[in-house]
1. Over chain A, what portion of Cα pair distances is larger than 27 Å, expressed as a whole percent?
2. Output the Kirkwood hydrodynamic radius of region A:3-53, Cα pairs only, in Å rounded to one decimal.
3. Using every pair of alpha-carbon atoms in region B:124-255, split the distances into 10 Å bins beginning at 0 and state the percent of pairs per bin, rounded to integers.
4. How large is the Rg to Rh ratio of region B:10-66 when both quantities use alpha carbon positions and Rh follows Kirkwood?
5. Mind checking the log10 I(q)/I(0) for chain B at q = 0.15 Å⁻¹? Debye, one equal scatterer per Cα, no solvent, two decimals.
6. Could you check the simple spin-label distance between residue A:127 and residue B:87, using points 7 Å along Cα→Cβ, in nm with one decimal?
7. Starting from the eigenvalues of the Cα gyration tensor, five times each then square-rooted, give me the equivalent ellipsoid semi-axes of region B:139-209, largest first, whole Å.
8. Just to be sure I understand the curve: with the Debye formula and one point per C-alpha of region B:1-131, what is log10 I(q)/I(0) at q = 0.10, 0.19, 0.20, 0.21 Å⁻¹?
């Protein structure tokens, strides 16, 4: 185990990590400049995980947020989330998620299942009722399906289209990205709720407000906000890394 | 973020300041009582900043960074609280008492986290921090990563925007609807990342040729002054920090 970790931190990895952190920040700012509703600030971290391994990925994530914290303390509080993202990217790399091409039907399936469950999640939330004692009841699945049948069909179709055109043959990387996003949303919520009162000071706060208004607790609303924005964002990051690795010369990857 | 001043606070050993910030964060967030964080900011952080002769800049920066969070948390948590005692009612606007109190508590925590980090960042030069970390036994490869990252971030930011301009002059659409802007990402990200990865090889050879992997003990040109008093102070800070964490965890478990 210790030998494996040592092997991950070759001179090349040590050189790669600062460059990866700088890539995180540069692309993160670029996205803001282009006014896109995503973060994409962990591409470098995912890249290190994919190229060097899970431990190097975790270190990159943690350091990236801590160093960024020198300019923006908000990022530093979530350093452990970034570390987990790097770790998962490394595990994905070990399983060959960034090398193997997935069959296209798999991408379609993943896209459909993802958008479907996201829709169900949001609908369950917005249809929750809170009684006078503060006890929240969520609608049953059968109720949701009967009253929103058309929305669910549309969601499946949209998801399938996203899978077909966006994920293409990178289904494996996409799946890992989605899973990573879900994990990130869950583990970042307690800090966001306890330390920052559930807000991020950015546009996604509108989502938190919407969930709070429909009767969600603070922790649940933050988690719901993360569950809407994080998986999509991390899926895109993993896909971009998959694209990058596809256009790298084989000589580079071999080491 | 570092601001050069001649003050006792600036002359303190970086690790003394670091352990003070850590102590403030841990006690402010974990000790019981809703107003602990306000107390620490008013009676510890502000006087220390005054001693460091940075008070005016410090308040400006903390305020500037915290403001979006504060606005967001006050609006969301007081207006969208759900069940509670309304302070006043006007049309659909009815802020709740419970929400307002929660928002105030969160504002204190937000300011505490931001102020704790910024106090450290404003009075500590990154290079002296690195040297002091090396002195207490942090591997020099980690120090290399942090210093290099701080140096190359500005270069990468300008590189990203150079590529953006170059692609624009070749006719890349970077304005318009969201799809157009999203499509502009790949032609910018790919050149940025690929050209950076080419650099990895060169840098790795360069630092290896300069004895980066040497096992000999390193010496440093800059000596960081340290006193016995500060060493004891640091130990006291760290012991209190650990005791606070243990006390909070056992209290939580017993409850």
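Bear in mind that the values in this text are calculations on the coordinates, not laboratory data. Predicted model only: the values in this text are computed from it and were never measured. Glycine gets a Cβ as well: all are built from the backbone with ideal geometry, and neighbour counts include every protein chain shown.
1. Working: 13085 of 32385 pairs.
Of all Cα-Cα pairs in chain A, 40 percent lie more than 27 Å apart.
2. Taking the inverse mean of 1/r over all distinct Cα pairs, region A:3-53 comes out at 11.7 Å.
3. Values per bin, smallest distances first: 9, 23, 21, 18, 18, 10, 1.
4. 0.98
5. The calculated log intensity ratios at q = 0.15 Å⁻¹ are -1.16.
6. 3.6 nm
7. Numbers: eigenvalues 202, 32, 19 Å².
Gyration-tensor ellipsoid for region B:139-209: 32, 13, 10 Å.
8. So the normalised log intensities are -0.40, -1.01, -1.08, -1.15.
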